[in-house]
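The values are calculated or read from the model by the stated rules, or taken from the named source; none is laboratory data. This one's a predicted model, so the numbers in the text were calculated from it and none came from an experiment. In this analysis, Cβ positions are derived from the backbone assuming ideal geometry, glycine residues included, and neighbour counts consider all displayed protein chains.
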Amino acid sequence: MLRNRGAGRDFDRSDPLPGPGRASASPEAGLPVGAARWVSVAGVCPASGTTTVAALLSLAYAAHRRFRIVAVDAHAVGGGLGARLATHSATGVAEIAAAAGNLTSFGLLSSYLDQNAEGAWGVTGAASAAPDAAQCRTALAALAGFFAVGVLDCGAIGEPTADALLESAHAPLLVAPMTAEGVLATACVLDWLAARRDTATPRHCGVALVSTSRRPGSDVGWAARLLTGRGARVIPVPYDPGLVAGRISPSSVSDGVWAAARRLGGEMLSRAAAESQPGWGHGG
């Protein structure tokens, strides 16, 4: 049994989630169908640990059992997120997009999905190539009416689909290694986002700094000052050899990692709720 761990802005069962992905058929009062909030997880470099962080975030949200959450593998070469979450669906984003017009109920949609032991639903089928941005918009709009929160594993920044998802989601989460190079690369990405059309985007960003050894390669205080000055909320993810490969579950990770996952969950949900863009499923 896991202890109540961590401090600060942890995510727990008392935190409000947007509708309509409740276990019942009715959406929350005042929230339109399609009210899912999307968190895009993108790495500042290919080896950032993006899929690991997307899995941890999905598990943190799945602990809120009254609501449905979905994890979507939008990585260029899909399949990694499914292995991390132990979801075995063969369906990917392209298949959901192709069937979107017929997915008029959760019963019809669920045949395309898989649910893991923790309760997270997954669109995690392996793909040989990334779906394009139009397919992603269509698929995510189809999913939005049935889930409260969606987590998107976007892979590394620089791929066209990853960049589109990062800009369009309600709350972007950047993932970087806890090294001087990783922190500086993240600062550059935040500056790049600020220079784009939506200059408010960095204010909705979170940053997960992932330690790949017991001795972090950068000073956490320096990293936090550099990145929070650009509007991002920085949350370190400590080293854990259990994150290197294979299935991730709350009981398989350290107290520090699970506390970081809960903090990320709370922070990103708060930032997604503050986002003014309509998002997928709202006519956006």
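Quick notes
For (1) touching a helix residue (DSSP H, G or I) at 6+ places or on another chain (Cβ under 9 Å); (2) closer than 30 Å to R214 by Cβ; (3) modelled with pLDDT under 90, each residue gets a yes or a no:
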| residue | (1), (2), (3) |
| --- | --- |
| A130 | yes, no, yes |
| L143 | yes, no, no |
| G155 | yes, yes, yes |
| A169 | yes, no, yes |
| L174 | yes, yes, no |
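- Yes/no for A47 being part of a loop (DSSP other than H, G, I, E, B) and either over 21 Å from G119 (Cβ atoms) or not hydroxyl-bearing (S, T, Y) (or both): yes
- Any hit, segment 18-37, residues being modelled with pLDDT of 85 or more and either within 25 Å of S105 (Cβ to Cβ) or not in a helix (DSSP H, G or I) (or both): yes
- Every residue from segment 128-144 that is surrounded by 22 or more Cβ atoms within 10 Å (Cβ to Cβ), assigned to a loop (DSSP other than H, G, I, E, B) and not aliphatic (A, V, I, L, M): P131
- Positions within segment 157-173 being touching a Cys at 6+ places or on another chain (Cβ under 6 Å) and either assigned to a strand (DSSP E or B) or among the basic types (K, R) (or both), in sequence order: P172
- Of everything in segment 55-72 that is in contact with a Lys or Arg (Cβ under 8 Å, 6 or more places away or on another chain) and either of a type in the set (F, W, Y) or part of a helix (DSSP H, G or I) (or both), the residue that is surrounded by the fewest Cβ atoms within 10 Å (Cβ to Cβ) is F67.
- Test for A94: is it surrounded by 24 or more Cβ atoms within 10 Å (Cβ to Cβ), among the small types (G, A, S) and out of contact with any Gly (no Cβ under 6 Å at 6 or more places or on another chain): no
- Restricting G119, G101 to those that are on the phi > 0 side of the Ramachandran plot and either in contact (Cβ under 8 Å) with a residue 40 or more places away in the chain or part of a helix (DSSP H, G or I) (or both) reduces the list to G119.
- Qualifying residue in segment 146-164 (condition: farther than 20 Å from R37 by Cα and hydroxyl-bearing (S, T, Y)): no
- Residue count for segment 259-275, restricted to those that are in contact with a strand residue (DSSP E or B) (Cβ under 7 Å, 6 or more places away or on another chain) and surrounded by fewer than 21 Cβ atoms within 10 Å (Cβ to Cβ): 2
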